[in-house]
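Chemist: Have a look at this one before I ask anything.
The values are calculated or read from the model by the stated rules, or taken from the named source; none is laboratory data. All values reported here derive from a predicted model rather than from experimental measurement. In this analysis, Cβ positions are derived from the backbone assuming ideal geometry, glycine residues included, and neighbour counts consider all displayed protein chains. We work out accessible area using only protein heavy atoms, side chains counted, and drop any ligands, DNA or RNA first. Shrake-Rupley method; radii C 1.70, N 1.55, O 1.52, S 1.80 Å.
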Amino acid sequence: MTFDAEAKMQFLYALRSKGVTDARVLTAMERVDRAMFVKGIFADRAYEDMPLPIASGQTISQPSVVGIMTQALNVTSRDKVLEVGTGSGYQAAILSHLARRVYTIDRYRRLVTDAKAIFERLDLTNVIPFVGDGSFGLPDQAPFDRILVTAAAEDPPGPLLAQLRVGGIMVLPVGQSDAVQSLIRVTRTEDGFDYDELRPVRFVPLVEGLGD
Ligand code: SAM
């Protein structure tokens, strides 16, 4: 299946029906062909609203969840964004159409290498991939206007809170990995942090250290 006009129409319809209504986010998702980020037999299911397996035992998230998280992040074209959990690179590619610059980090070198090749093929020159433990963020590139975490921690990691600019927004799943988690939005104010709970989600856990 190709991301032709009909596939796009159905894909966008499914996103809208799940609450993704922000026009900029929908346009960015229309520009990024999810099939490029999914390999082998799963590529045929790329336009279905479900998570799919990728290398290193990880997953590419469900498109509607990608849309809801991107929408909650409220990215502007001036923003410097950090994504923790590159995975396939799909979410970072969408962010690249919305932000000034996107730093993305994953603990698996293989995933970062594969994603980097796709960013190059798509000429997404404002995405900068890193291998590392993203729970420590990227201190040399901080502060960030927006931070998106695509793996679940029990609580928002302290280094990520510290690397969020005042007025900045972080969206992340929190909770135990084997239970339903909550997607939350953290806004940094002059005095501290405001927390909003958005919806239940289920993500792979944020794991310490580098992958094999
Ligand atoms: N955003 C991805 C995409 O668009 O395909 C999906 C991410 S997948 C649900 C979660 C990712 O988080 C996995 O690739 C996993 O290796 C990564 N991860 C887990 N713990 C991490 C950590 N401490 N630092 C960096 N990446 C981490």
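Chemist: Taking the solvent-accessible surface of protein heavy atoms with a 1.4 Å probe, what is the per residue accessible area of the chain in Å²? List each step's numbers first, then the result.
Modeler: Working: 10090 Å² over 212 residues.
For the chain, the solvent-accessible area averages 48 Å² per residue.
Chemist: Per residue of segment 52-58, what does 6.51 cos²θ - 1.76 cosθ + 1.60 with θ = phi - 60° give for ³J(HN,Hα)? Whole Hz please, x for Gly and Pro, Karplus curve as stated.
Modeler: Listing the rounded values in order: 9, x, 10, 5, 6, x, 9 Hz.
Chemist: Express the carbon and sulfur contribution to the solvent-accessible surface of the chain as a percent, rounded to the nearest whole number, probe 1.4 angstrom.
Modeler: Numbers: 5020 of 10090 Å².
Of all accessible area on the chain, carbon and sulfur atoms account for 50 percent.
Chemist: In addition: For Thr125 and Arg110, calculate 0.36 nm times their separation in residues minus their Cα-Cα distance, and state this gained length in nm to one decimal.
Modeler: Values: separation 15, 0.36 × 15 = 5.40 nm, distance 1.98 nm.
In short, 3.4 nm is gained.
Chemist: Under the definition of Cα pairs under 8 Å and six or more residues apart, what whole-number percent is the relative contact order of segment 97-203?
Modeler: Numbers: 184 pairs, mean separation 19.9, N = 107.
Normalised by residue count, the contact order of segment 97-203 is 19 percent.
Chemist: By a straight-distance test (C-alpha under 26 Å), which lysines pair with Lys8 as possible cross-link partners, with residues fewer than eight away in the same chain excluded?
Modeler: The qualifying lysines are Lys18, Lys39, Lys116.
Chemist: Report, please, the projected area of segment 80-160 averaged over directions, based on the convex hull of its C-alpha atoms, in nm². Numbers along the way, then the final one.
Modeler: Details: hull surface 19.2 nm².
Quarter of the Cα hull surface area: 4.8 nm².
Chemist: Ok, one more. In whole angstrom, note down how far apart the Cα centers of segment 11-70 and segment 183-208 are.
Modeler: 21 Å
Chemist: Moving to a separate point now. Compute the length gained on full extension between Arg100 and Glu208: take 0.36 nm times their separation in residues and subtract their Cα-Cα distance, giving the result in nm to one decimal.
Modeler: Details: separation 108, 0.36 × 108 = 38.88 nm, distance 2.87 nm.
Result for the pair: 36.0 nm of gain on full extension.
Chemist: Quick check: pseudo-label points 7 Å beyond the Cα along Cα→Cβ at Arg165 and Ala5, how many nm apart are they?
Modeler: If labels sit at Arg165 and Ala5, their model points lie 4.0 nm apart.
Chemist: Oh, and also: What length, rounded to one decimal in nm, is gained on full extension from Arg45 through to Leu198, with 0.36 nm per residue of separation minus their alpha-carbon distance? Could the numbers behind the result be given before it?
Modeler: Details: separation 153, 0.36 × 153 = 55.08 nm, distance 2.72 nm.
Full extension from Arg45 to Leu198 adds 52.4 nm.
Chemist: How high is the relative contact order of segment 5-201, in percent, with contacts defined as C-alpha pairs under 8 Å that are six or more residues apart? Don't jump to the answer; show the numbers that get you there.
Modeler: Numbers: 386 pairs, mean separation 29.4, N = 197.
Computed value for segment 5-201: 15 percent relative contact order.
Chemist: What FRET efficiency do you get for Asp155 and Thr76 if R0 is 30 Å and r is their Cβ-Cβ distance, rounded to the nearest 0.05?
Modeler: On the way: r = 27 Å, r/R0 = 0.91.
Here the calculated transfer efficiency is 0.65.
Chemist: Also, I was wondering about something else. Quick one: P(r) of segment 1-85 from all Cα-Cα pairs, 5 Å bins, percents rounded to integers, in order of increasing distance.
Modeler: 3, 14, 25, 24, 19, 12, 4, 0
Chemist: Another question, then. Stick to the Cα atoms of the chain, pair each with every other, and give me the Kirkwood hydrodynamic radius in Å at one decimal. Don't skip to the answer; put the middle values down first.
Modeler: Numbers: mean 1/r = 0.0588 Å⁻¹.
Hydrodynamic radius (Kirkwood, Cα only) of the chain equals 17.0 Å.
Chemist: Okay, moving on. Let me have the 222 nm mean residue ellipticity of the chain computed from DSSP H runs of 4+ only, each contributing -39500 (n - 2.57), with the sum over all residues rounded to the nearest 500. Before the final figure, lay out the partial values.
Modeler: Numbers: 6 runs with 58 residues, N = 212.
Calculated mean residue ellipticity at 222 nm is -8000 deg cm²/dmol.
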